[in-house]
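Below is one structure, written out as structure tokens, with a few remarks after it.
The values are calculated or read from the model by the stated rules, or taken from the named source; none is laboratory data. On a predicted model such as this, the values are computed, not experimentally measured, just so you know. Reconstructed Cβ throughout: ideal geometry from the backbone, glycine too, with neighbour counts over all protein chains shown.
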Amino acid sequence: MVRWNHLSIYNMAEDKVSLSAKVWLAIIFILLIGFSLIIFNGKTMDEQRQEFVEQKQEIISTLIDQGQYACCLEKPCVYCIEKTPGHGEGATCHCLQDVVEGRHPCGECIGEILEGHGNKYLSQYFAAAIAEEVGQEHLETLKQIIAQKYDDAACEINQTKECQDE
Ligand SMILES: [Zn+2]
């Protein structure tokens, strides 16, 4: 009876040792996999990001030169590269044409326009174009937001009497 007790205590101790050894083995294994992924991929996340950004800019400037990337923002959107078809074919962007013709631009453009980063020369088209996507019942609200963001710009461009009086 005493001997069995001793045996079971011994087994428990051994179990503890082997469990922590297993944990350590697992940690070492995970670390090895992590390092080998970095080594075999050869690039850090910063480097991958840098390449990704550069590639996007290259695609956009090439397509702008070809007249295939016409955006409605101050700084062209990048969403259209992936989004098409929907706002163009392949990696092209037709957000400018969409906005002027009363169709909604891409999601990135909708967000950026509402933040005030749209091309101010197009501000008269923004509310209607976005309402086409989010619903006509929001047209008045959209007009208010657009006015708040772009009215100074509109005055600057149109030189209307009301603006001069202000
Ligand atoms: Zn866009």
Exercise. Which condition number does residue 51 fail, the rest of (1) modelled with pLDDT of 95 or more; (2) touching a Phe, Trp or Tyr at 6+ places or on another chain (Cβ under 8 Å) being met?
Worked result: (2)
Problem set entry | Single unsatisfied condition, residue 24 versus (1) closer than 30 Å to residue 128 by Cβ; (2) at pLDDT below 95 | (1)
For this session: Check residue 46 against each of (1) surrounded by 10 or more Cβ atoms within 10 Å (Cβ to Cβ); (2) modelled with pLDDT of 70 or more and name the one condition it does not meet.
Result: (1)
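This table checks each residue for (1) away from the ligand (no atom under 14 Å from the Cβ); (2) more than 30 Å from residue 55 (Cα to Cα).
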| position | (1), (2) |
| --- | --- |
| 76 | no, no |
| 86 | no, no |
| 96 | no, no |
| 111 | no, no |
| 121 | yes, no |
| 128 | yes, yes |
| 140 | yes, yes |
| 145 | yes, yes |
Problem set entry | Boolean, residue 100 is away from the ligand (no atom under 11 Å from the Cβ), under 18 Å from residue 112 (Cβ atoms) and either under 16 Å from the mean Cα position of the chain (by Cα) or not hydrophobic (A, V, I, L, M, F, W, C) (or both) | no
